[in-house]
1. Given the structure, is SER103 more than 29 Å from ILE289 (Cβ to Cβ), surrounded by 14 or more Cβ atoms within 10 Å (Cβ to Cβ) and at pLDDT 85 or above?
2. Please pick out the residue among VAL280, VAL262, VAL267 that is among the aliphatic types (A, V, I, L, M) and open to solvent by 30 Å² or more (accessible area, probe 1.4 Å).
3. Just to be sure, is ALA158 modelled with pLDDT under 95, hydrophobic (A, V, I, L, M, F, W, C), out of contact with any strand residue (DSSP E or B) (no Cβ under 7 Å at 6 or more places or on another chain) and in a helix (DSSP H, G or I)?
4. Has the stretch 282-289 got any residue that is in a strand (DSSP E or B) and at pLDDT 90 or above?
5. Looking at LEU203, LEU176 in this structure, which one is touching a strand residue (DSSP E or B) at 6+ places or on another chain (Cβ under 7 Å), surrounded by 17 or more Cβ atoms within 10 Å (Cβ to Cβ), of a type in the set (A, V, I, L, M) and within 25 Å of ARG118 (Cα to Cα)?
6. Looking at the stretch 225-235 only, could you name the residues that are part of a loop (DSSP other than H, G, I, E, B) and buried (at least 22 other Cβ atoms within 10 Å of the Cβ)?
Amino acid sequence: MAVGARSGHEEPEERPGPPVGGAGTEASEGGWSDGSDRAGGLHRAGGRQNGPGGPDGPAGDAEDGGDRGPKKQRSFWKELPLLIGIALILALLIKTFLVQAFSIPSDSMQDTLQRGDRVLVDKLTPWFGSKPERGDVVVFHDPGGWLEGEPTPTPNVAQKFLSFIGLMPSAEEKDLIKRVIAVGGDTVSCKKGGPVVVNGKELSEKSFIYPGNTPCDDQPFGPIHVPKGRIWVMGDHRQDSLDSRYHQQLPGGGTVSDKEVVGRAFVVAWPVNRWSWLGVPGTFDQKGINAAGSLAPGALGLAGAVPLVIRRRRRLTREGTAG
């Protein structure tokens, strides 16, 4: 007697039956037999017989929802339109909210930027309230009248599509690129033969101004007080740049609204041999350049607080005397 592995009950020992004629031969070759489970490689599990005709065989698998083979993958050509659609949506989102490419159309920013350079412009930080800072190279929409009379190229359909999704600079948008010299609240000026002065501090522009140029001999200006929410911009190639100096007769007095700024150019991406970061020159970080802007609110606050303190002290004195 043998002990059952599953139930623990005793059951008779299995004994192989005698071979039956041709049926035995077929069972040996095919591995199937009604009376010899061990010879055919079958086993008992849970009281169900595994085999072609049993519940766990091919027929049983089909009935029980068993292995039906791997699912057929979708063909590449059917997935391609979906992939292209996702890529276009991502490119459009990146162009709208993150980064956009722009082409340099003139020589006004030499030697920092050359005609035909492609720059990448950061459009993300303005969404979080970031404002242009002194020394930034910014792209901005035409404030009105700056590009009057300038011809506008007519791109073909392919160029329009690529510029729409941000893979190519737009040829139709009337945008300009200059360097921020002063921001809202600053006072900026430049006399013939002298340097540009911001809040009483002279700028050392040798690191970015075009070799051989003067800071403003072609168009001296100022002093100009830049209104809040606006910027004063100039090209690095001073003698070949129609910047804020030349548009003082227009609304805004030559300044540009912060709202017109598309973003900050931060890298020259093309051509490869001109790849470089567009940082802020150190002269804009010199000590004291922010003094005028930072002290003005404090001075105004102090001026407003002093009368209130004096008035309060007088009232307390009168009350003390009366008591």
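The values are calculated or read from the model by the stated rules, or taken from the named source; none is laboratory data. Note that this is a predicted model, so its numbers are computed, not measured. In this analysis, Cβ positions are derived from the backbone assuming ideal geometry, glycine residues included, and neighbour counts consider all displayed protein chains. Surface areas here come from the heavy atoms of the whole protein model, side chains and all, with no ligands, DNA or RNA. Shrake-Rupley method; radii C 1.70, N 1.55, O 1.52, S 1.80 Å.
1. It is true that SER103 is more than 29 Å from ILE289 (Cβ to Cβ), surrounded by 14 or more Cβ atoms within 10 Å (Cβ to Cβ) and at pLDDT 85 or above.
2. VAL280
3. Answer is yes for this residue.
4. Within the stretch 282-289, not a single residue is in a strand (DSSP E or B) and at pLDDT 90 or above.
5. LEU176
6. VAL226, GLY235
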